[in-house]
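Student: What follows is a structure written as structure tokens; I'll ask about it next.
The values are calculated or read from the model by the stated rules, or taken from the named source; none is laboratory data. Computed from a prediction, not measured in an experiment: that's the story for all the values here. Every residue, glycine among them, receives a Cβ derived from its backbone with ideal geometry; neighbour counts consider all protein chains shown. Accessible surface areas use protein heavy atoms only, side chains included; no ligands, DNA or RNA. Shrake-Rupley method; radii C 1.70, N 1.55, O 1.52, S 1.80 Å.
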Amino acid sequence: MPHKYRLPQGGKIDRQKPIKFTFNGVTIEGCQGDTIASALLANGIRITGRSFKYHRPRGIVTAGIEEPGTFVEVMGEGRSTTVPATMVHVQPEMQVKSINCWPNPKYDLAQLLQVFSPLLPSGFYYKTFFQPEWKVFEPFIRKMAGLAKIPQDDTPLQSYDSTDTHCEFLIVGGGISGIIATVMTAQTGKRVIWVDNLQNQHGGFPIASADKIILERWLQALRDQLKGFANVRILKQALAWGYREQNLVLVNQNREEVNDVLLWRIRARQVLLANGCTERGLVFPDNDRPGIMLASGVMKYCQHYAVTPGERIILYTNNNSIRILAETLMGQGKEISAIIDTREDTGQDYRGLPPTIKILTGYEITKVIGWNSVRGLIASSLSGDDSIRLSCDLLAVSGGWNPNLQLWMQSGGAYAFSPETATFVPTTSLQEVIALGMCAGYFNPKENLCETRKRVSELIENLGLKSESLELPQLNMSEKPYRIQSYWQPSSTNIGSKSFVDILNDVTLEDIKLALREGYDDIELVKRYTTLGMGLDQGKTGNVNATGIVATLSGKPMDDVGLIKYRSPVSPIPFGTVGKPEGKFIKPYRTTPITNWNRKNGAVLYEAGANWKRPGYYLLQNETMAEAINREARAVRNGLAIYDGSPLGTFEIKGRDAAKFLDMIYTNRIGDIPKGTGRYGLMLTEEGFILDDGVCFCMAENWYQVSVSTGNADQVHLHLEKCLRYDFSHLEVSVTNLTLQWMNATVCGPLARDFLQEFSLDIDLSPEKFPFMGIRDGVFNGMPVRIARVSFTGELSFEINVHTRYLKQLWERLISKGNKYGITPIGSETNHVLRVEKGFLSLGHEVDGVVDPIDLGLGWVMSKFKKDYIGKKAVALNRTSHLPRKELVGLVAQNNDIQFPEGAPIVVSKNQSIIEGHVTASVWSEINNRFVALALLNNGRSRISEIVQVRNLTGIEKGEVVAPCFYDPDGKRLRS
Amino acid sequence: MITINCPFCGPRDEREFEYCGPHRQKRPDKINEMTTSAFIDYLTVPENPEGEAKEVWWHRRGCGAWLLVVRNTRTHEIIKVSELDAT
Ligand SMILES: [Zn+2]
């Protein structure tokens, strides 16, 4: 298939290697080396997407990472979501879909929205957020926002990894100044990392073809020279996307050979930003029509991909860099019908061009003709006395050049408006970083070469290092300095057209005017009000125009308005690179010595706080999850069960002032706990919130052992240490974390005592000698054990603690001897059911950062005799308002078949939009043969037996308020 | 992600440390005798300077030292790291 718009020769594509792929189901043929965008343009495909808000037809605008027009989803093998079509190389059999089009970009149903676009004015988001019924709008907005759908299967798109490294010099940028800086710093012998940045892979400031050949040859020689340096590490296919404090630069590298993305965290002594520059567009009516492209894009498609996507070409500009494009296109035998320049005085800029090109200086475009594709335009003189109609099928636009300040701004560097170049350039830095070349505002290639060499050698010299002098190439054609005159907005706009400032996010000149009229005069407020620059491209081609417009309309200087702050990432990156790798290596899952036993015996393992993997329940053959939990619950209540309680946080508190310290930490009295027994206690924060609950045992004088919730162990450890190092540093106490030293098997159920008496054990287990809350050291079948009589299930229970190395042995002995008792291993799901039946507290459910101990019926744990403990004053203070408190109650549905969902609101009967409480836990209680729930309810304790209304997903259900305990309210069984 | 120069271990990555809040006055001895407004001030009005701020860091996954870090909140520059004065 001949490509309609492919040039017969030139370019860096391989015409001998055709590649077929599909775009929205249609087979397209490109060449080896094509991007999706260049292949589409070569085939004359104009409409490649639909805009987010108005669903206007859009085409390809640029040739790089700054692309605001066309985003695609790549499906199948090597799939990715929401990437610019300009950044993906075509692969055989690749399936590509443009996003935000349905059913396809040509016939877009949502285009009807254009008719209703007054319904979606600027500030729509702002105003909608103030409405109470946001949830009504949300699905609609999500659908319209047009990001690719989240993939349904959760297999990762690629694998991800991360690594840390250091260097003396980090060079970001693979262009002219990047290569110069790398070669010069390499000669210092210090560690150099060079990020051959993807961000530079766009048009870049144009260079005349003859000079380009000289320059590329010279740069290639420098690249070859680099191979001799062992101190240089080159990161290819990489994107520096974040710049953090202390010169930490985050780089994503696509490693195609291993199909992964590697995140580099690079800490550099000195960073050299050679990020290059990006062309910006011009704002004029209907400047988003397919066929209107940035000049730098047209240039790159011509030079690199041998594509010129048009026959009748017009150039539109406010600066002289466009002349090089005109000469390049003519060099390929293309005709330029006109150059429209907004400048009145273009000096010698167009001298020597053939007279067939109509040069209109002091003209602006006032109208674009064509809907699905540009067909022509009307240009009017700025003086207003002339207008002319021209036809074209390609309009190349240059609004001037902007240094890529994204990383510079992230580093905290300052910038200022330069009137000569009509853009913002870097000034003083905050960290050890310099900007080079085009990134520093030196666009002209000759200037770029000289300034880069000068700055890098100054830097090297200032650091007391040495490098050889570098000879620069002779460029012939690039004598002319860059000349530009600001042009921010059309002098008039006609109704019915839209002049886009941000093409990706559909933000128009009118939107900015509206924002200013409504008083949002700060550029950051304009951004939030209009969504300007908030798209995937972060406004790389539009933001400076926006500043120009705001400055013009508000009469402020450009520097006072400033730029919208660029944030990381510079360009979208996969979540996998920032989310996954650390979990694997730095915070691995924790397991106990019997995790493998659990796996072999049907355990379904969950992450259960603090990175512990533990059994949720054990599945027997042909059993459902509910059946398994009920079976386990019956074993605890009627027979014998065993639970791996090892992850429980365990701390040893020792020292002369241990009791004094714990009396400050716990709400209840600790100092008078008799040796060999424990006491249930609460820890509060100074603000009066519940930090943790657990048991504190007195082992001997000045020696305590504290057990805390699994998920909270790290927090409690921090709290204890902080108190000790800080507020109570005068106390002589040591805290030792023994969580991993003491593991335990908890044997529970009415048969537990009989069962344990079968073993050789030197501890008297009788209730008289070893009562509830006792703790004893002893020897169990030759193993040293520490047995505690605590219960989280409300049943007779012995927590047998052993050193980690004995747990497996202990567990297997208990299991093998317990078979005749029907010993049943139970998981955390069953524990949850049993604790709800007893109304025991669970931090994740009942404690929400608002309730205090009294609300939970734990007022008895708050010592009235202690003058002071952490949180005492705050709890008292919080209660002085006498507002209704949410109190813990039990809740049963009147309809026995109903299970209230956890989190369901309890509503006031007279006005069902007022919430007076919520369900905190809800389970099937096997022993009661019904669903039971716990809830927090306004003044709940005084409302026992009242009927309340619970809103679930389908409607209102009635429930009866009961005491928060559904089993053995007197606690006879756990004390037995 | 910052690097903290632990006086015992040398420069180490932030991931080894636990941030333990701004340095504040020690818990008053007789908190139960404080007036309500003084107590609320103590509890809810921490210093939050723009510029040099004193922070407490715990080298939790390192040597275990408690450190007083003086850090510039504008520039992220770490001006001084010393052992938390345990008096
Ligand atoms: Zn240390």
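Student: Counting only protein chains, not ligands or nucleic acids, how are A:VAL258, A:VAL889 ordered by accessible area (probe 1.4 Å), most first?
Tutor: On the way: A:VAL258 85, A:VAL889 0 Å².
Of A:VAL258, A:VAL889, the descending order of accessible area is A:VAL258, A:VAL889.
Student: Further question: Over all directions, the average projected area of the alpha-carbon convex hull for the stretch A:281-399 comes to how many nm²?
Tutor: Values: hull surface 26.6 nm².
Averaging across all directions leaves 6.7 nm² for the Cα convex hull.
Student: May I ask you to derive the relative contact order of the stretch A:281-399, considering only C-alpha pairs under 8 Å and at least 6 residues apart, and to give it as an integer percent? Intermediate values should be presented prior to the final figure.
Tutor: Numbers: 240 pairs, mean separation 41.8, N = 119.
Over the stretch A:281-399, the number comes to 35 percent.
Student: Something else: Using DSSP to call loops (not H, G, I, E or B), can you name the trypsin sites (Lys or Arg not before Pro) in the stretch A:209-248 whose Cβ has at most 10 other Cβ atoms within 10 angstrom?
Tutor: Details: sites: A:LYS212, A:ARG217, A:ARG223, A:LYS227, A:ARG233, A:LYS236, A:ARG244; in loops: A:LYS227.
Answer by residue number: A:LYS227.
Student: Follow-up. Please grab the % of Cα pairs in the stretch A:649-737 that end up more than 23 Å from each other. Numbers along the way, then the final one.
Tutor: On the way: 421 of 3916 pairs.
Result for the distance tail: 11 percent.
Student: Same structure again: For A:SER976 and A:LYS454, compute 0.36 nm times the residue count separating them, minus their Cα-Cα distance, and round to one decimal in nm.
Tutor: Numbers: separation 522, 0.36 × 522 = 187.92 nm, distance 8.66 nm.
Going from the current span to full extension adds 179.3 nm.
Student: Compactness ratio of the stretch A:884-976: Cα Rg over 2.2 N^0.38 Å, N = residue count?
Tutor: 1.08
Student: May I pose another question? Distance from the Cα centre of the stretch B:1-36 to that of the stretch A:17-83, in angstrom?
Tutor: Using only Cα atoms, the two centres lie 53 Å from each other.
Student: How large is the dipole of the protein assembly as shown about the Cα centre if only Lys and Arg carry +1 and Asp and Glu carry -1, each at its Cβ, rounded to the nearest 20 debye? Let's see the in-between values first.
Tutor: Details: 120 positive and 117 negative charges, 237 e Å.
The calculation lands at about 1140 debye.
Student: Kirkwood Rh over Cα pairs of chain A into Stokes-Einstein at 10 °C, 1.306 mPa s: D in µm²/s?
Tutor: 48 µm²/s
Student: Using a ≥ b ≥ c from the Cα gyration tensor of the stretch A:808-898 (square roots of the eigenvalues), is it rounded, prolate or oblate, where a/c under 1.5 gives rounded and otherwise the larger of a/b and b/c decides, a/b for prolate? Intermediate results must be reported in sequence, preceding the final value.
Tutor: Details: a/c = 3.77, a/b = 1.76, b/c = 2.14.
The shape class here is oblate.
Student: What is the local net charge at A:ARG312, summed over the other residues whose Cβ is closer than 10 Å to its Cβ (Lys, Arg +1; Asp, Glu -1)? Write out the running numbers ahead of the final one.
Tutor: Details: positive: A:LYS334, A:ARG375; negative: A:GLU311, A:GLU335, A:ASP393.
Here the count lands on -1.
Student: Here is a follow-up. Using only Cα atoms and rounding to the nearest 10 degrees, what angle (0 to 90) does helix A:807-818 make with the longest principal axis of chain A?
Tutor: Taking the Cα atoms of chain A, the angle to A:807-818 is about 50 degrees.
Student: Which net charge results when you count Lys and Arg as +1 and Asp and Glu as -1 among the other residues whose beta-carbon is under 13 Å from that of A:VAL183? Mind dumping the intermediate values first?
Tutor: Numbers: positive: A:ARG223, A:LYS227, A:ARG453; negative: A:ASP224, A:GLU468, A:GLU471.
Computed value for this residue: 0.
Student: Related question: Hey, rough spin-label estimate for A:LYS867 and A:ARG517, points 7 angstrom out along Cα→Cβ, what's it come to in nanometres?
Tutor: Going from the A:LYS867 label point to the A:ARG517 one covers 6.9 nm.
Student: Related question: Expressed as cubic angstrom per residue, what is the convex hull volume of the alpha carbon set of the stretch A:486-586?
Tutor: 122 Å³
Student: Find the all-direction average of the projected area of the Cα convex hull for the stretch A:11-64, expressing the result in square nanometres with one decimal place. Numbers along the way, then the final one.
Tutor: Values: hull surface 17.0 nm².
Seen from a random direction, the Cα hull of the stretch A:11-64 projects 4.2 nm² on average.
Student: Right, another one. Taking H placed 1.01 Å from N in the peptide plane, check which residues at least 5 places from A:GLU946 or on another chain put their amide H under 5 Å from its amide H.
Tutor: Here the answer is A:VAL961, since their amide H atoms fall under 5 Å of that of A:GLU946.
Student: Other chains near B:25-34: what is the mean number of their Cβ atoms within 10 Å of each residue's Cβ? The partial results should precede the final answer.
Tutor: Details: counts 1, 5, 8, 2, 3, 2, 9, 7, 3, 1.
Across the residues of B:25-34, the mean count of other-chain Cβ atoms within 10 Å is 4.
Student: Could you work out the local net charge near A:VAL397, counting Lys and Arg as +1, Asp and Glu as -1, over the other residues with Cβ closer than 14 Å to its Cβ?
Tutor: Numbers: positive: A:ARG280, A:ARG289; negative: A:GLU66, A:GLU279, A:ASP286, A:ASP288, A:ASP341, A:GLU364.
It works out to a net charge of -4.
Student: While we're looking at this one, here's another question. Going through the stretch B:14-87, which trypsin sites (Lys or Arg not before Pro) have at most 16 other Cβ atoms within 10 Å and a DSSP loop state?
Tutor: B:ARG24, B:LYS26, B:LYS30, B:ARG61, B:ARG74
Student: What's the angle, to the nearest 10 degrees (0 to 90), between helix A:713-722's Cα axis and the longest principal axis of chain A?
Tutor: The helix A:713-722 is inclined about 90 degrees to chain A.
Student: Tell me the mean residue ellipticity at 222 nm calculated for chain B from its helices only (DSSP H runs of n ≥ 4, each -39500 (n - 2.57), averaged over every residue, nearest 500). If you can, show how the numbers build up before the last one.
Tutor: Values: 1 runs with 9 residues, N = 87.
That calculation yields -3000 deg cm²/dmol at 222 nm.
Student: Sticking with this one: Remind me, relative contact order of chain A in percent, using alpha carbon pairs under 8 angstrom and six or more residues apart?
Tutor: Numbers: 2170 pairs, mean separation 85.1, N = 976.
Value for chain A: 9 percent.
Student: A further question follows. Can you give the mean number of other chain Cβ atoms that lie within 10 Å of the Cβ atoms in peptide B:42-55? The partial results should precede the final answer.
Tutor: Details: counts 2, 7, 1, 0, 0, 0, 0, 0, 0, 0, 0, 0, 0, 0.
Neighbouring Cβ atoms belonging to other protein chains average 1 per residue here.
Student: Quick one: helix A:134-145 against the long Cα principal axis of chain A, what's the angle to the nearest 10°, folded into 0 to 90?
Tutor: Once rounded, the angle reads 40 degrees.
Student: Using a 1.4 Å probe and counting only protein heavy atoms, how much accessible surface gets buried when A and B come together, both sides summed, in Å² to the nearest 100? Please list the in-between numbers first.
Tutor: Values: alone 42100 and 6450 Å², together 45660 Å².
When A and B are taken together, about 2900 Å² of accessible area is lost.
Student: I'd like the distance separating the alpha-carbon centroids of the stretch A:789-809 and the stretch B:39-78, in whole Å.
Tutor: Spelled out, the Cα-based centre of one part sits 41 Å from the other.
Student: I would also like to ask the following. Where does chain B land on Rg(C-alpha)/(2.2 N^0.38 Å)? Walk me through the numbers before you get to the answer.
Tutor: Details: Rg = 14.8 Å, N = 87, 2.2 N^0.38 = 12.0 Å.
Against the compact-globule rule of thumb, the ratio is 1.23.
Student: Considering every residue in A:714-727, what mean count of other chain Cβ atoms within 10 Å of its Cβ is obtained?
Tutor: Details: counts 2, 0, 0, 3, 4, 1, 0, 6, 7, 1, 2, 8, 10, 7.
Whole-number average of other-chain Cβ neighbours for A:714-727 is 4.
Student: Something else now. Can you tell me, using C-alpha contacts under 8 Å and at least 6 residues apart, the relative contact order of the stretch A:416-546 as a whole percent?
Tutor: Values: 117 pairs, mean separation 24.6, N = 131.
Relative contact order of the stretch A:416-546: 19 percent.
Student: How much of the DSSP beta bridge set in the protein assembly as shown is antiparallel, as a percent to the nearest 5? Display every interim value, and only then the final one.
Tutor: Numbers: 154 of 201 bridges.
Antiparallel: roughly 75 percent of the beta bridges in the protein assembly as shown.
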